[in-house]
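One structure below.
The values are calculated or read from the model by the stated rules, or taken from the named source; none is laboratory data. This one's a predicted model, so the numbers in the text were calculated from it and none came from an experiment. All Cβ positions, even for glycine, are placed from backbone atoms using ideal geometry, and neighbour counts span all protein chains on display.
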């Protein structure tokens, strides 16, 4: 049993770095779309729009109770049937497996982000929102300037949790052939027999990625709470008392 | 769309029990539940021990606990599965696909349950613990007989959440070739070729039903009164 | 006290490792006969060659040959479905003893595994949609070609038609599915795999398996096993040749690929393949 970690500077190392780039690309795109989807559904549900409620409930329950990897497979095989033809062609040119994985991960994590946003919004007194509307601010304006800034205190830590979960779930994209880090491990073990070395390196990289994300999140929420603490000494614009 | 092609008796049999009645190889939902239940049990045990360790003041207990928890929470589960399945053979030990997945999920879940247990322990009023200590109970006894029974109920919702995630995580088994529910679904899909939507929606349905069932069952236990009525015949 | 424990553990580790090293010198075929089970890596998604039917039973040309091999050895078969992306890993880890799964013999592969004599030669060609108008590899300019990620065609096609784009997949059914949905315009691999996929699809008439103009290469299928195991390789070679000589091979061929199957292929489709036979 000969372990030779020096190969990590050679071909296997190069492959791992290529995989890392793909992992980061997957994470970035999925996080972006998941945030957009989550923001939309979370706010909509918090606003309490009656006829949208069952749709939101079903969306969240669906993602909570079905495995992400099965969702990735579903979109990979069904996208050409479900999506309108022009969208399918766009996906194909974008990189079909990559696109399908991003689609699946965005939809899956979008549900959880929606719940996070909803929890954050719920943590603020509803009176703030009502007062801002009463004072003439439109829907999006009151959300942007009154509600969401306060909600971020609750949202940011929960969101960093989701972000690390998403980064870990990008490893599932190997099931449909996306050449990210975990896929590279299989590659290296099958064709170069340096599996253990590669797996160790890849594990460490994931650890660093996730811990760094948590760290950034913690830093962000500390920074934001500093702001809030500072603002508390000034009279808030709208109060519900 | 051809539901009749997918929802045949033979396909349903394979989805639920795999080839148990054909070649003797269990598979499908049966294997998924086997892995899931085993991992839930083992994970809860590991999590309970780790959670107590994490809550201790002794450095030789909480430092290893934190290291374990942070390591296993920040690495993708698939990587853990690969560690369990592909690395031991290099040292002469061969774990079956079933064992590898079960081991990986147990260790992974244990890290999360540890945090839940820690939260549960912290939620116990310190007065209870002080009173018990004053009455002469040792630290371990206090933990076992005072803290955990009370914390159990506050932890149930979070635990149920983790259990559901564990069942979902069993779907990774197909990536090392185990014939679980997802793998059988994929096989049927590959054979039929033009009905992927139907087959994957069917998979979703099965997972959905199983997981909602688990959540409902735990909700039954959550209410103290219902728990007593069910199990203690008070 | 501590020093004693540590040295005991060290000793145990050394003993385990060296016993493993010694154990590896035993020939695979002897281990199999002792165990009574031959662990074979097979395809479970190649119609007519190695696939699982509705009841989950393995069937196909290769499976029949494999079962017969095991019968002659006096052992049972344990099937493990393998893909190109994990079959060598599993072989090296001794989770399987042989790979009997449409493995074409290439020099690069021979450096990591050993092969038996070839049990089939297959020309490699293209499978296209009827309306695509592709008649040869040259027509693949600016088109997408699908292939399994570990297939030989991934390297061969760009050499012959640099303007073609290669799209890799996790398996041949996925590549075929992509052809059906329009994600790729052609699938390039052994004609027998393509013929099987086409026949198993709901509407075979939609596809054309290109004949002699489409053929761009060929490969020999052999059974793969771990390296440096002459005894096992000889045993398997002799058994495969026995199968050819006494007609077992021909029976399996007729049943799955030839006149008794729906494919109706003849040995001519396989370049008049004839297994090399050695006398005593």
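Numbers at a glance
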item: Residues satisfying the stated conditions in the stretch A:192-210, i.e. in contact (Cβ under 8 Å) with a residue 40 or more places away in the chain and at the interface with chain B (Cβ under 7 Å from one of its Cβ atoms); result: A:196, A:202, A:210
item: Only listed residue being part of a helix (DSSP H, G or I), in contact (Cβ under 8 Å) with a residue 40 or more places away in the chain and under 21 Å from residue A:33 (Cα atoms), chosen from A:165, A:127; result: A:165
item: Selected residue (criterion: surrounded by the fewest Cβ atoms within 10 Å (Cβ to Cβ)) from residues of the stretch C:141-174 that are more than 22 Å from the chain's Cα centre (by Cα) and closer than 21 Å to residue C:107 by Cα; result: C:159
item: Test: residue in the stretch C:150-162 that is at the interface with another protein chain (Cβ under 9 Å from one of its Cβ atoms) and touching a helix residue (DSSP H, G or I) at 6+ places or on another chain (Cβ under 9 Å); result: yes
item: Residue in the stretch C:71-83 that is within 13 Å of another protein chain (Cβ to nearest Cβ), in contact (Cβ under 8 Å) with a residue 60 or more places away in the chain, surrounded by 18 or more Cβ atoms within 10 Å (Cβ to Cβ) and outside any helix (DSSP H, G or I) present; result: yes
item: Selection within the stretch C:36-63 - over 28 Å from residue B:6 (Cα atoms) and either more than 13 Å from chain B (Cβ to nearest Cβ) or part of a loop (DSSP other than H, G, I, E, B) (or both); result: C:36, C:37, C:38, C:40
item: Odd one out for residue A:221, checked against (1) under 19 Å from residue A:24 (Cβ atoms); (2) more than 9 Å from chain B (Cβ to nearest Cβ); (3) touching a helix residue (DSSP H, G or I) at 6+ places or on another chain (Cβ under 7 Å); result: (1)
item: Among the candidates A:26, A:3, A:31, residue that is within 14 Å of chain B (Cβ to nearest Cβ), surrounded by 18 or more Cβ atoms within 10 Å (Cβ to Cβ) and either under 19 Å from residue A:177 (Cα atoms) or in contact (Cβ under 8 Å) with a residue 40 or more places away in the chain (or both); result: A:26
item: Residues within the stretch C:202-224 that are part of a loop (DSSP other than H, G, I, E, B) and either without any contact (Cβ under 8 Å) to a residue 12 or more places away in the chain or in contact with a strand residue (DSSP E or B) (Cβ under 7 Å, 6 or more places away or on another chain) (or both), tallied; result: 9
item: Evaluation of residue C:177 against (1) within 14 Å of chain A (Cβ to nearest Cβ); (2) buried (at least 20 other Cβ atoms within 10 Å of the Cβ); (3) under 21 Å from the mean Cα position of the chain (by Cα); (4) touching a residue at least 12 places away in the same chain (Cβ under 8 Å) (one fails), failing number; result: (4)
item: Scope the stretch B:183-195; condition within 11 Å of chain A (Cβ to nearest Cβ) and either within 28 Å of the chain's Cα centre (by Cα) or under 21 Å from residue B:32 (Cα atoms) (or both); matching residues; result: B:183, B:185, B:186, B:189, B:190
item: Selection count where residues are closer than 19 Å to residue C:165 by Cβ and away from chain B (no Cβ under 14 Å), scope the stretch A:59-87; result: 0
item: Test: residue in the stretch C:87-98 that is away from chain B (no Cβ under 14 Å) and buried (at least 18 other Cβ atoms within 10 Å of the Cβ); result: yes
item: Test: residue in the stretch A:179-191 that is assigned to a helix (DSSP H, G or I), more than 10 Å from chain B (Cβ to nearest Cβ) and without any contact (Cβ under 8 Å) to a residue 24 or more places away in the chain; result: yes
item: Residues within the stretch C:129-149 that are farther than 18 Å from residue C:176 by Cβ, part of a loop (DSSP other than H, G, I, E, B) and touching a helix residue (DSSP H, G or I) at 6+ places or on another chain (Cβ under 8 Å), tallied; result: 1
item: The one condition in (1) in a helix (DSSP H, G or I); (2) modelled with pLDDT under 90; (3) within 14 Å of chain A (Cβ to nearest Cβ) that residue B:119 fails to fulfil; result: (3)
item: Residue check, residue B:184 part of a helix (DSSP H, G or I), in contact with a strand residue (DSSP E or B) (Cβ under 9 Å, 6 or more places away or on another chain) and under 30 Å from residue C:87 (Cα atoms); result: yes
item: Single residue of the stretch B:1-12 satisfying the filter (part of a helix (DSSP H, G or I) and more than 13 Å from chain C (Cβ to nearest Cβ)) that is surrounded by the most Cβ atoms within 10 Å (Cβ to Cβ); result: B:3
item: Filtered residues of the stretch C:104-128 (kept if within 14 Å of chain A (Cβ to nearest Cβ), surrounded by 18 or more Cβ atoms within 10 Å (Cβ to Cβ) and in contact with a helix residue (DSSP H, G or I) (Cβ under 7 Å, 6 or more places away or on another chain)); result: C:113
item: Any hit, the stretch B:144-162, residues being in contact (Cβ under 8 Å) with a residue 40 or more places away in the chain, surrounded by fewer than 20 Cβ atoms within 10 Å (Cβ to Cβ), over 23 Å from residue B:216 (Cα atoms) and in contact with a helix residue (DSSP H, G or I) (Cβ under 9 Å, 6 or more places away or on another chain); result: no
item: Checklist (1) over 15 Å from the mean Cα position of the chain (by Cα); (2) surrounded by 19 or more Cβ atoms within 10 Å (Cβ to Cβ); (3) more than 24 Å from residue A:161 (Cβ to Cβ) applied to residue B:74, failing item; result: (3)
item: Some residue of the stretch C:235-255 being touching a strand residue (DSSP E or B) at 6+ places or on another chain (Cβ under 8 Å) and modelled with pLDDT of 90 or more; result: yes
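Okay, residues lined up against (1) closer than 24 Å to residue A:185 by Cα; (2) more than 14 Å from the chain's Cα centre (by Cα); (3) surrounded by fewer than 22 Cβ atoms within 10 Å (Cβ to Cβ):
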position	(1), (2), (3)
B:36	no, no, no
B:58	no, yes, yes
B:82	yes, yes, no
B:85	yes, yes, no
B:96	yes, yes, yes
B:103	yes, no, yes
B:108	yes, no, no
B:114	no, no, no
